[in-house]
Amino acid sequence: MPSQRRIALAVGTLLAVGLTILPAGAASATPVNDDLADAAPITLGWTVADLTGATVEAGEPTTCVEYDPDLSSYFYPTDASVWYSFTSTSTQTVHGAITDYQGEPSASAHVFRRVGGSLESITCADSHDRSNFFFHASAGEQFVIQVGSLAGAPPLDEATLFLGSLPAISNTTPQTATPLAVPSTTSQWTYGTDDELVEPYGCQPEDGAIMNDVWFRVTAPVTGPVTVDLTGSDFRVTFAVYRDQDLSAPVACPPIGSPVDGYPGTQAAITTFPASAGESFLIQVGGFYFGTGTAVVTVSQAPSAPPTVARTSPAVGLRAGGTVVTITGTGFTPTATVAFGGVPATAVTYVSPTTLRATAPRVASPRLVEVMVTTAAGTSPKALLAKFLYLR
């Protein structure tokens, strides 16, 4: 029989490494945290979940579902589970892991966020195929974690749950996309994103849905083609570009690859698409089949051609100014300026990339002047009908 000293030493060692040990109930009794209502509070660190005599109560979740990028799903039902509550003390990414000691898929962990009086499923994992999981937690946010024994597996007496802290990854949804300037280059480590399948799925959802993703937002400063380049990334990166506020289908994609064709290579992670001045886009960046690493995102826009003026209407007005002139041409932007013979218009209204309205300024004497439009791409050249005649 082990001495009391050895028992005390073993317990002291477990406590020293941060293991949470729940008090055991009477023989054959259910664990004290068998019911969701009795979830045991835990913090970051290791927790040994005692599953001896555990049950699943009526109305409690029973199945953990995991997905692959080819949209295939895997169901892990539990027939015995215990519950833990976790309150995040800071804004962070929580790294979790579930393990057991039976050498086969026997344990599962299912994370839920408390939303009012209901539970919102966040992520889940099993001790065989995907033992690691991640979720974003804000300071003060409350979660419950169901640790279970998988139905059909040999009876499981205990499982080990780990929770650790990583830096917060704030841009894991379209709503929290990180804004990028054009042009710019930024890098982001994607380890800590989760293996969850969440719409939108990217450019090839049938067998290459984007997972482990982060989001960025870009707004074209001028009209012209925009290039998104991730060839500098250090992992098997992939991405998709959407119009802001419209995630129904991507507007631009790099070569994607598939389980059959294989990954096309990081050097293929680049695409170019047309954009109008002021138009915004969302970029979904993730890994090819669960890949994570440092994503290097470079956004650029090719220089656009200077605007052109095709005609003015009316083309005649008084030298006192005040005539509202409609200017027709190409390459106009919302920040375009207009000059009549070098004198700035007193007001400019952007109508479209091909139409502006400008109020002619006052001039000292009657004259025929050039009407010129200036944008970030340059100033319009002289043209036959790009004229305005000032009368007395």
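Among the strands (runs of 3 or more DSSP E) confined wholly to the range 261-363, which include 2 or more residues that are under 30 Å from Asp194 (Cα atoms) and either touching a Lys or Arg at 6+ places or on another chain (Cβ under 8 Å) or of a type in the set (Gly, Ala, Ser) (or both)?
280-287, 294-301
Is there a residue in the range 172-180 that is assigned by TED's automatic domain parsing to the domain that holds Val296 and touching a helix residue (DSSP H, G or I) at 6+ places or on another chain (Cβ under 9 Å)?
Within the range 172-180, not a single residue is assigned by TED's automatic domain parsing to the domain that holds Val296 and touching a helix residue (DSSP H, G or I) at 6+ places or on another chain (Cβ under 9 Å).
Just need a number here: residues in the range 234-254 that are outside any loop (DSSP other than H, G, I, E, B), in contact (Cβ under 8 Å) with a residue 40 or more places away in the chain and not polar (S, T, N, Q).
Counting residues in the range 234-254 that are outside any loop (DSSP other than H, G, I, E, B), in contact (Cβ under 8 Å) with a residue 40 or more places away in the chain and not polar (S, T, N, Q) gives 5.
Would you call Ser149 assigned to a strand (DSSP E or B), more than 27 Å from the chain's Cα centre (by Cα) and under 15 Å from Ala54 (Cβ atoms)?
yes
For the range 344-373, name all the residues that are more than 15 Å from Gly321 (Cα to Cα), at pLDDT 95 or above and crowded, with 17+ Cβ neighbours inside 10 Å.
Hits for the range 344-373 are Leu356, Met372, Val373.
Quick one: which strands (runs of 3 or more DSSP E) sit completely within the range 54-112 and have at least 1 residues that are among the aliphatic types (A, V, I, L, M), closer than 28 Å to Gly287 by Cα and modelled with pLDDT of 95 or more?
Of the strands (runs of 3 or more DSSP E) lying wholly inside the range 54-112, those with at least 1 residues that are among the aliphatic types (A, V, I, L, M), closer than 28 Å to Gly287 by Cα and modelled with pLDDT of 95 or more span 92-99.
Output the residue which, of all residues in the range 171-200 that are without any contact (Cβ under 8 Å) to a residue 40 or more places away in the chain and not in a strand (DSSP E or B), is surrounded by the fewest Cβ atoms within 10 Å (Cβ to Cβ).
Only one residue tops the list, namely Gln175.
For Leu51, which of the numbered conditions (1) at pLDDT 50 or above; (2) more than 41 Å from the chain's Cα centre (by Cα); (3) aliphatic (A, V, I, L, M) fails to hold?
All conditions are met except number (2).
Scan the range 129-152 for residues that are out of contact with any Leu (no Cβ under 9 Å at 6 or more places or on another chain), farther than 19 Å from Ser85 by Cα and of a type outside the set (Gly, Ala, Ser) and jot them down.
Scanning the range 129-152 gives Asp129, Arg130.
Just wondering, is there one or more residues in the range 124-140 that are over 17 Å from the mean Cα position of the chain (by Cα), of a type in the set (A, V, I, L, M) and not in a strand (DSSP E or B)?
Yes, the range 124-140 contains a residue that is over 17 Å from the mean Cα position of the chain (by Cα), of a type in the set (A, V, I, L, M) and not in a strand (DSSP E or B).
For the range 207-233, give me each residue that is in contact with an Asp or Glu (Cβ under 7 Å, 6 or more places away or on another chain) and either of a type in the set (D, E, K, R) or not in a strand (DSSP E or B) (or both).
Asp207, Arg217, Ala220
Quick check on my filter: what residues within the range 123-140 are buried (at least 17 other Cβ atoms within 10 Å of the Cβ) and not β-branched (Val, Ile, Thr)?
Within the range 123-140, Cys124, Ala125, Asp126, Ser127, His128, Arg130, Ser131, Phe133, Phe134, Phe135, His136, Ala137 meet the criteria.
Being buried (at least 19 other Cβ atoms within 10 Å of the Cβ) and either free of Cβ contacts under 8 Å to residues at least 40 places away in the same chain or in contact with a Phe, Trp or Tyr (Cβ under 8 Å, 6 or more places away or on another chain) (or both) is the filter here, so list the residues in the range 202-218 that pass it.
Selection gives Gly202, Gly208, Ala209, Ile210, Met211, Asn212, Val218.
Of the conditions (1) surrounded by fewer than 23 Cβ atoms within 10 Å (Cβ to Cβ); (2) free of Cβ contacts under 8 Å to residues at least 60 places away in the same chain; (3) closer than 18 Å to Asp194 by Cα; (4) more than 21 Å from the chain's Cα centre (by Cα), Ala109 clears all except one; give me its number.
That leaves (1) as the condition not met.
The values are calculated or read from the model by the stated rules, or taken from the named source; none is laboratory data. Everything numeric in this text was worked out from a predicted model, so none of it was measured. So basically every Cβ, Gly included, is an ideal-geometry build from the backbone, and we count neighbours across all protein chains shown.
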